[in-house]
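I have placed the structure first, in the form of structure tokens, so that the comments after it can refer back to it.
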Amino acid sequence: MKYAIDVGPFDELADPRVLAELAAAAEERGWDGFFLWDHIVHRPPVQAVADPWIALAAVAAATSRIRIGPMVTPVSRRRVHKLARETVTLDLLSDGRLIFGAGLGYDVSREFTPFGEVEDARERAKLLDAGLEELAGYWAGEFQPAPVQQPRIPVWIAGEWPNRRPLRRALRWDGYVPISVPDPDAMAELVTQIRAARPADADQGFDVAAYLPPGEDTAPWALAGATWTLTDLGSHPGLARVREVIAAGPPAGV
């Protein structure tokens with residue numbers, strides 16, 4: 001199992017220099033990933049919000065080993081050709097460490113309708129699927145340069161448990177990030193379904209990530225088949241708390 005810090009770039013964490021320092025500290029302490037939420041605005045008490053892509057460039061420049069990426073980007077609100085340039089450039093800058101987390105997003109914080117974005121979830125799902133296919137085409141040679149990672153930058157799909165539509169979408173890509181899985185037994189059932197749905201000769205490099213609060217025992221989740229844990233710090237943990245969790249290091253001995 002691999003372990004990642006997952007933070008919203010909000011308020012005290014809205015400075016990309018702070019995020020770069022945190023990512024460097026996470027790498028030094030042995031964490032495997034450092035991921036950022038992708039939002040335009042967020043619900044109270046959040047006020048300040050940083051752009052995750054600019055921040056991830058700073059993170060890439062400050063680190064050399066740790067995996068990085070957005071968790072997750074709502075593709076429906078992005079111009080896919082621009083997203084292709086951004087992802088490849090970040091993959092080059094990080095020397096092949098980008099994981100692209102994608103999903104529908106949600107309008108709880110009112111970050112779609114006020115800005116003229118598509119509100120209907122079904123329409124956003126169609127745009128997500130079409131956008132990912134376009135993105136893969138750009139990565140495969142329609143644009144140059146190509147990404148460092150081949151045959152493509154890994155794509156992880158996020159979705160609310162127990163909704164099976166995001167799972168079916170994820171099976172076409174490289175990983176699944178189920179949100180709100182209640183316990184390891186539910187995760188084990190989910191992993192069993194994934195293994196049953198994938199071809200017997202498929203590459204075994206399909207990742208399943210579990211969102212867990214700091215300090216939770218990760219061993220049952222590893223036994224259930226999760227390959228990553230994303231340390232869920234919530235939307236407003238404060239800088240001191242994030243530093244504390246990073247300094248504690250990832251769980252040992254799993």
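The values are calculated or read from the model by the stated rules, or taken from the named source; none is laboratory data. These numbers were taken from a predicted model, which means no experiment stands behind them. No Cβ is skipped: glycine too gets one built from the backbone with ideal geometry, and neighbour counts run over all protein chains shown.
Close contacts from the stretch 50-71, counting a first residue that is within 15 Å of ALA25 (Cα to Cα) and a second that is assigned to a helix (DSSP H, G or I) and charged (D, E, K, R), with Cβ to Cβ under 6 Å and a gap of 6+ residues or different chains, come to THR63/GLU27; ARG65/GLU27; ILE66/GLU27. Cβ separations smaller than 6 Å between residues 6+ apart or across chains give the following pairs from the stretch 223-249 residues that are within 20 Å of LEU190 (Cα to Cα) to residues that are of a type in the set (Lys, Arg) and outside any helix (DSSP H, G or I): TRP228/LYS2. Can LEU128 be described as within 18 Å of PRO70 (Cβ to Cβ), modelled with pLDDT of 95 or more and touching a strand residue (DSSP E or B) at 6+ places or on another chain (Cβ under 7 Å)? Against the criterion (within 18 Å of PRO70 (Cβ to Cβ), modelled with pLDDT of 95 or more and touching a strand residue (DSSP E or B) at 6+ places or on another chain (Cβ under 7 Å)), LEU128 qualifies.
Restricting the stretch 4-29 to residues that are among the acidic types (Asp, Glu) and in contact (Cβ under 8 Å) with a residue 60 or more places away in the chain, the residue that is surrounded by the most Cβ atoms within 10 Å (Cβ to Cβ) is ASP6. Taken over the stretch 94-122, residues that are surrounded by fewer than 20 Cβ atoms within 10 Å (Cβ to Cβ) and under 18 Å from ARG168 (Cβ atoms) amount to 2.
Those helices (runs of 4 or more DSSP H) of the stretch 1-94 in which 2 or more residues are in contact with an Asp or Glu (Cβ under 6 Å, 6 or more places away or on another chain) and modelled with pLDDT of 95 or more occupy 52-62. If you go through the stretch 101-138 one residue at a time, how many are under 16 Å from the mean Cα position of the chain (by Cα) and either in a loop (DSSP other than H, G, I, E, B) or farther than 15 Å from PRO166 by Cβ (or both)? Number satisfying all stated conditions: 3.
Taking (1) surrounded by fewer than 17 Cβ atoms within 10 Å (Cβ to Cβ); (2) over 24 Å from TRP37 (Cα atoms); (3) aliphatic (A, V, I, L, M) in turn, ALA248 satisfies each apart from (2). Checked against (1) in contact (Cβ under 8 Å) with a residue 60 or more places away in the chain; (2) touching a Leu at 6+ places or on another chain (Cβ under 7 Å); (3) small (Gly, Ala, Ser), GLY159 passes all but condition (1).
Residues that are buried (at least 19 other Cβ atoms within 10 Å of the Cβ), out of contact with any Ser or Thr (no Cβ under 9 Å at 6 or more places or on another chain) and within 20 Å of PHE100 (Cα to Cα) within the stretch 175-184 comprise TYR176, VAL177, PRO178, listed in sequence order.
Before we move on, is GLN144 over 26 Å from LYS82 (Cα atoms), surrounded by fewer than 18 Cβ atoms within 10 Å (Cβ to Cβ), over 20 Å from the mean Cα position of the chain (by Cα) and among the polar types (S, T, N, Q)? No: the conditions fail for GLN144.
Scanning the stretch 13-43 for residues that are more than 23 Å from GLY103 (Cβ to Cβ) and out of contact with any helix residue (DSSP H, G or I) (no Cβ under 8 Å at 6 or more places or on another chain) returns ASP15, GLU27, GLU28, GLY30. Given the conditions (1) loosely packed, with under 13 Cβ neighbours inside 10 Å; (2) over 30 Å from LYS82 (Cα atoms); (3) at pLDDT below 95, and given that TRP161 satisfies all but one, which numbered condition is not satisfied? For TRP161, the failing item is (1).
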